[in-house]
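Step one of this worksheet: look at the structure below.
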Amino acid sequence: MEQEYLSEDIIEQIKDFPFYFQHFTKEQKLLIDKLIINEELKSRYKNYGLCIECRQPNTGSNWCQSCNAKHFQQDFKNWTSGNPDVDKLIQESQLNAKSEDEKLIWIEYDRFENIKYIAKGGFGTISKAICKEGIIANWNYETNQWNKYSDFTVALKHLNNSKDITLEFLNEIIPHLRMNKYEHTIKLYGITKDLNTNDFIMVIEYANEGSLRQMLDKLSYGELYILSEIASGLNDIHKEGLIHQDFHSGNILYSFVNPADFVFIADLGLCRPANEKSVQHNKNVYGVLPYVAPEVLRGKEYTQASDIYSFGIIINEVFNGIPPYHDMAHDEFLAIRICQGFRPGFTIKVPQLIEDIFKQCVDANPLKRPTAEYLKVLFSKWNYAADSETEKQFSEAAKFNKEQPSSTNNSTELTYTTHPQAIYTSRLLKFNNLPEPTNADNTDNDCLEEDYSESTKIDFTKLNISNSQDNI
Ligand SMILES: [Zn+2]
């Protein structure tokens, strides 16, 4: 018979073993292998030990799914969001959570203090707040209450027009809970509701240094480090079978976690109005035009390959230090040119291998774009263990850039502004009759041949770009 749980007899034999499997004696390990046949139970026992309450193997670190489901369930009667669909979403996450990261919680709005506006985006605003009461961590078996991270700083993502939030929107949130366990994606903790507007608010992890777009002129860790971190996060998303759908530098956030900067990907799949019905959703494309792959502009569905296109644009942006197409209107004309093969050029000299990988990522044919895993390995290798040829290419490019007369590290001396119709927040992109996507012939692609020295004259203080997490 299939072993679905550990019998009393087995528990009696193993209950006094040390807490960590690594500390077991050889005999103890042999006995475990003999007694626990079910591989899942064995792995849970080895990784997380036994639950103090039911004595079955925990499902996560300090987390027993069935016991915690009961603790949550006893509390269902004590809270409501006022919307049965939202209640159901939160309750189901609590019943199904196999670890601390997989549950959502409902937090009353009045439990937040020091709420401070941070930025406005395409679908709402974002603010920072302190959650006084705290975020649930795990069950305390001595006090029979939840342990919490109290006085916890969070970001609040206000969803415009969300008092009529749709089930379709809510259903898109569930898969993203799986990303909570990864280190390069912003965690989603729970939901609250603005008492003045009745709009729902996502309670998410707070990144204390803002977005990559804000940091473009002060990247302290080097382009290759940043890109290897971003590729690693995107690879996690794709490994889970998800698609970001709105990947741009406003959704890549920085946080200083002593002793270093960390890069987080935010706003996975949340780029759309919260009250949109699925009939409209299937037809509408939302995003920041420069980052949207040409096939998506033409109405095809988002794919992982369209995220890779966006990553290609980010490669260009990170090396240039300015947002793509900052000097032109983000209109239908630009959309047509992108379909015809127009791509942002490099405004400084970059190694050939960077130009090559950029071109592969933004290929008009989605099938020719590399995978996130490939990019992760490649950028990590270039960053941490570059071979002599790679190092030579990078040092030659750096030397060349340094020798340019107009090249300067002092951005305050630069003068340049973005086009008033260059829009870097997510919005509905509706273009009709765009041409079939194609790659431009490299020999007469004026964009890729931009003059490096001219374009370095930029005044970052005058850049008309959104100042934080954009697609709120
Ligand atoms: Zn238990």
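Couple of notes before you dig in:
- Hey, residue 386 of a type in the set (Gly, Ala, Ser) and surrounded by 18 or more Cβ atoms within 10 Å (Cβ to Cβ) or not: no
- Scan the stretch 284-304 for residues that are out of contact with any Leu (no Cβ under 7 Å at 6 or more places or on another chain) and either at pLDDT 95 or above or not acidic (Asp, Glu) (or both) and the total you get is 12.
- Residue within the stretch 164-179 that is touching a strand residue (DSSP E or B) at 6+ places or on another chain (Cβ under 9 Å) and of a type in the set (Lys, Arg) present: no
- Here the condition is being modelled with pLDDT of 90 or more, out of contact with any Asp or Glu (no Cβ under 7 Å at 6 or more places or on another chain) and crowded, with 18+ Cβ neighbours inside 10 Å; of 51, 64, it holds for 51 alone.
- When every residue of the stretch 150-171 is checked against the conditions, at least one turns out to be assigned to a strand (DSSP E or B) and without any contact (Cβ under 8 Å) to a residue 24 or more places away in the chain.
The rows are residues; the columns are (1) basic (Lys, Arg); (2) closer than 21 Å to residue 425 by Cβ; (3) out of contact with any Lys or Arg (no Cβ under 7 Å at 6 or more places or on another chain); (4) surrounded by fewer than 19 Cβ atoms within 10 Å (Cβ to Cβ).
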position: 174; (1), (2), (3), (4): no, no, yes, yes
position: 186; (1), (2), (3), (4): no, yes, yes, no
position: 191; (1), (2), (3), (4): no, no, yes, no
position: 196; (1), (2), (3), (4): no, no, yes, yes
position: 200; (1), (2), (3), (4): no, yes, no, no
position: 207; (1), (2), (3), (4): no, yes, yes, no
position: 212; (1), (2), (3), (4): no, yes, yes, no
position: 224; (1), (2), (3), (4): no, no, yes, no
position: 227; (1), (2), (3), (4): no, no, yes, no
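- Given (1) assigned by TED's automatic domain parsing to the domain that holds residue 110; (2) more than 11 Å from the ligand (Cβ to nearest atom); (3) part of a helix (DSSP H, G or I), index of the condition residue 80 fails: (3)
- Under the condition of being within 8 Å of the ligand (Cβ to nearest atom) and not in a helix (DSSP H, G or I), the residues counted in the stretch 39-72 number 8.
- For residue 219: the one exception among (1) more than 20 Å from residue 87 (Cβ to Cβ); (2) under 15 Å from the mean Cα position of the chain (by Cα): (2)
The values are calculated or read from the model by the stated rules, or taken from the named source; none is laboratory data. No experiment lies behind these values; they were computed from the predicted model shown. Cβ: placed from backbone, ideal geometry, glycine included. Neighbour counts: every protein chain shown.
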